[in-house]
Every structure is written in structure tokens, then in C-alpha cells.
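Each reported figure results from applying straightforward, stated rules to the coordinates on display, with no laboratory input. None of these values were measured; they are calculated from a predicted model. Positions of Cβ are generated from backbone atoms using ideal geometry, with glycine treated the same way; all protein chains shown enter the neighbour counts.
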Amino acid sequence: MAAVGPAAVTICLDLAHEASMSRGGLTVVTTLRDVAARVGLSKDTVHRHLRLLESAGVIERVRNGDQFSATTYLLHLDTT
């Protein structure tokens, strides 16, 4: 995952820390604002790096509703 950069790794670690196991795998329900506050980055920076993580196949975003509601992320982390 080093190819995505340190900010993206920090965001991914935050998501993993907040996640729980479900039938679909490792999931977290959070808002962009909450992630930004936890990692100390701007919402725009977090949004950009979440897109990068999604493009890299590390996370999968599951829409929950409108743009202002919490989003569910499915984490695709190799635990071996």
C-alpha cells in the first residue's frame, strides 16, 4: 500500500481502527468530516485520498443515502 502515500495509509489505518467485522467483511460507517477530524487533515484531502484508496481496490464505498449521510466502507485488507 506504500504506493498510495502516507496520508492515504493514515486514513486507511483510521478506517481499519474504526471498523468491525460483518457478514460482508471488515466494514466501517463514518462521515468524511469524522475521518478528517480523527486524522487531522482537511475534508478535501481526506476525500481525495479516499478516492485514491478506492481506485487502488483497498476500500469499497457503499452508498447509504444522500451525500450528507454517513457512508459505509468495505475494507479489502490482506490480513495474511
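Structural remarks
- In terms of the mean number of neighbouring beta-carbon atoms within 10 Å, the peptides 14-24, 31-41 order highest first as 31-41, 14-24.
- Three semi-axes of the equivalent ellipsoid, the chain, Cα gyration tensor, whole Å, largest first: 17, 17, 11
- Residues whose amide H falls under 5 Å from that of residue 76, counting only those 5 or more places apart or on a different chain, are 59, 60, with hydrogens built in the peptide plane.
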